[in-house]
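For reference, the structure is listed below as C-alpha cells.
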Amino acid sequence: ITISSTTTTTTTTAAAGAELFAALYPCWSHSAGAALSLCFLAQAYNHACDILTCLARMPIGAEVLVQLDRLVSLLETPAYAALRLQLLRPRRFAALTRALYGLLALLPQCNAWRLLNARLQSAPALALLALEDAEEENSRRRGWSSG
C-alpha cells in the first residue's frame with residue numbers, strides 16, 4: 001500500500017511539475033539563460049541540450065554570454081543541489097551531463113568556464129559509470145532494484 005501511494009504521489013507531483021513547466025516556459029523562453037535555468041530546475045535536460053544546440057548555431061552576443069555566466073553561478077546555489085548530486089549518476093542523467101558539457105563548450109574560458117569545468121571534473125563520468133555498474137551488479141545478486 002505504501003508503494004502504491006508513493007507512486008501515485010510521485011505521478012501527481014510529476015504531472016503538476018509538467019504543468020508548471022509548460023505554464024512558465026513561454027515567459028522564460030525569451031532569455032536563453034532563463035530558459036536553461038528552468039530546464040535545469042524542471043529536469044528537462046534533453047530540452048536544455050536542444051536549446052544549447054540552437055545557441056551553438058547562431059552568433060552568441062555579449063548579452064547571452066552574461067546570461068550563461070550567471071547561470072553557471074546559479075548552478076552552484078542550494079536550489080540546484082539536487083542537480084549537482086545527479087552528476088553522480090551519469091548513466092541515469094546522461095542528458096544532464098551532455099547539457100552541462102554543452103554549456104561549457106559555449107562559454108569562453110573565463111571564471112564561469114573554470115567553475116563549471118571544475119564541477120564537471122569533480123564527478124568523473126567514467127569512474128562513476130563503473131561504480132554504477134558495480135552497484136547494479138551487486139543489487140542483481142541480492143535481488144534488489146537500484147531504481
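The values are calculated or read from the model by the stated rules, or taken from the named source; none is laboratory data. This one's a predicted model, so the numbers in the text were calculated from it and none came from an experiment. Cβ placement follows ideal geometry from the backbone for every residue including glycine, while neighbour counts extend to all protein chains displayed. Calculation scope for accessible area: heavy atoms of the full protein, side chains included, ligands and nucleic acids excluded. Shrake-Rupley method; radii C 1.70, N 1.55, O 1.52, S 1.80 Å.
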Sort out which residues of the stretch 138-147 are open to solvent by 70 Å² or more (accessible area, probe 1.4 Å) and either small (G, A, S) or modelled with pLDDT of 75 or more (or both), and write them in order of number.
R140, R141, R142, S145
Of these, L104, L36, L116, which one is part of a helix (DSSP H, G or I) and within 27 Å of E19 (Cα to Cα)?
L36
Within the stretch 95-109, count every residue that is open to solvent by 40 Å² or more (accessible area, probe 1.4 Å) and in contact (Cβ under 8 Å) with a residue 40 or more places away in the chain.
3
List pairs: first in the stretch 30-43 and of a type in the set (G, A, S), second surrounded by fewer than 20 Cβ atoms within 10 Å (Cβ to Cβ) and assigned to a loop (DSSP other than H, G, I, E, B), Cβ under 7 Å, 6+ apart or cross-chain?
A35/S29
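The rows are residues; the columns are (1) loosely packed, with under 12 Cβ neighbours inside 10 Å; (2) closer than 21 Å to L38 by Cβ; (3) not acidic (D, E).
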position: F93; (1), (2), (3): no, yes, yes
position: R114; (1), (2), (3): no, no, yes
position: A127; (1), (2), (3): yes, no, yes
position: E132; (1), (2), (3): no, no, no
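One line per residue, one yes/no per condition, for (1) of a type in the set (S, T, Y); (2) at pLDDT 95 or above; (3) more than 12 Å from the chain's Cα centre (by Cα):
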site: L36; (1), (2), (3): no, yes, no
site: M58; (1), (2), (3): no, no, yes
site: G61; (1), (2), (3): no, no, yes
site: D69; (1), (2), (3): no, yes, yes
site: S73; (1), (2), (3): yes, yes, yes
Within the stretch 95-136, residues being of a type in the set (G, A, S) and modelled with pLDDT of 90 or more number 6
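Modelled with pLDDT under 90, surrounded by 12 or more Cβ atoms within 10 Å (Cβ to Cβ) and part of a helix (DSSP H, G or I): is that true of L24 in this structure?
In short, yes.
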Filtering the stretch 38-55 down to residues that are at pLDDT 95 or above and of a type in the set (G, A, S) yields A48
State which residue pairs qualify: first residue part of a loop (DSSP other than H, G, I, E, B) and inside the stretch 78-92, second residue surrounded by 12 or more Cβ atoms within 10 Å (Cβ to Cβ) and of a type in the set (V, I, T) in any location, beta carbons under 8 Å apart, and separation of 6 or more residues or different chains.
L87/T97; P90/T97
